[in-house]
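A short write-up of the structure that comes next.
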Amino acid sequence: MNTISALLVKFVMTFLATWVVFGIILDNPLSYVTLVALLATAVNYILGDLVVLPKFGNLVAASGDGIMGALTAYIVAIISPVFNTSFTTLALFAVSIGVFEFFFHKYLLREEQVAPN
C-alpha cells in the first residue's frame, strides 16, 4: 500500500510540473499533459527508482529522471502534431522533475515498505 501511495504522490507532482511547463506555458491540451505525466511517471519509476537509484544513488537517479522526463515529453511531441515543446520548456521540465525526484528518492530510501527497498 505504501508503494501505491508513493506512486500517486509521484504522479501528482509530475502532473503538476507537466501542467505548469507544457499546459500553462505552451498551452498544450490537458489530455496530452496527462499522457506525458503518466508516461514520465511510469518510466521514471521503473528505470529511475527501481534500477538506477539502488545502484548509483540519489543524485544520479534524480538527474536521470529529469532527463528521462524531458525525453518522454520530446518523444510525445515528435509523435503527436498537437503536443508542442521547446528547448527551454524541456530544460525547465527536466530541472523541475530532477529537483522533485531528489527529495522523493530521499523518502523512498528512508521508507522500508516502499519499493525499491
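The values are calculated or read from the model by the stated rules, or taken from the named source; none is laboratory data. Because the structure is a prediction, the values reported are computed rather than measured. Cβ placement follows ideal geometry from the backbone for every residue including glycine, while neighbour counts extend to all protein chains displayed.
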Considering only region 33-51, how many residues are without any contact (Cβ under 8 Å) to a residue 60 or more places away in the chain and under 14 Å from PHE104 (Cα atoms)?
4
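Just for helices (runs of 4 or more DSSP H) wholly inside region 44-117: which have at least 3 residues that are aliphatic (A, V, I, L, M) and within 16 Å of the chain's Cα centre (by Cα)?
Details: elements: 53-56, 58-79, 87-110.
Answer list for region 44-117: 58-79, 87-110.
Within region 1-11, restricting attention to residues that are surrounded by fewer than 16 Cβ atoms within 10 Å (Cβ to Cβ) and part of a helix (DSSP H, G or I), which residue is modelled with the lowest pLDDT? Don't jump to the end; show me each part of the working.
First, the residues of region 1-11 that are surrounded by fewer than 16 Cβ atoms within 10 Å (Cβ to Cβ): 1-2, 4-5, 8-9.
Subset that is part of a helix (DSSP H, G or I): 2, 4-5, 8-9.
Values: ASN2: 82, ILE4: 89, SER5: 89, LEU8: 95, VAL9: 94.
It comes out as ASN2.
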When you scan region 73-98, how many residues do you find that are surrounded by fewer than 19 Cβ atoms within 10 Å (Cβ to Cβ) and free of Cβ contacts under 8 Å to residues at least 24 places away in the same chain?
8
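Residue-by-condition table, conditions (1) touching a residue at least 60 places away in the same chain (Cβ under 8 Å); (2) loosely packed, with under 13 Cβ neighbours inside 10 Å; (3) in contact with a helix residue (DSSP H, G or I) (Cβ under 9 Å, 6 or more places away or on another chain):
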{"residue": "GLY64", "(1), (2), (3)": "no, no, yes"}
{"residue": "PHE100", "(1), (2), (3)": "yes, no, yes"}
{"residue": "PHE103", "(1), (2), (3)": "no, yes, yes"}
{"residue": "GLU111", "(1), (2), (3)": "yes, no, yes"}
Within region 100-115, is there a residue that is at pLDDT below 95 and β-branched (Val, Ile, Thr)?
yes
Being surrounded by fewer than 16 Cβ atoms within 10 Å (Cβ to Cβ), at pLDDT 95 or above, part of a helix (DSSP H, G or I) and hydroxyl-bearing (Ser, Thr, Tyr) narrows it down to one of THR18, THR41, THR14, THR34, so name that one.
THR34
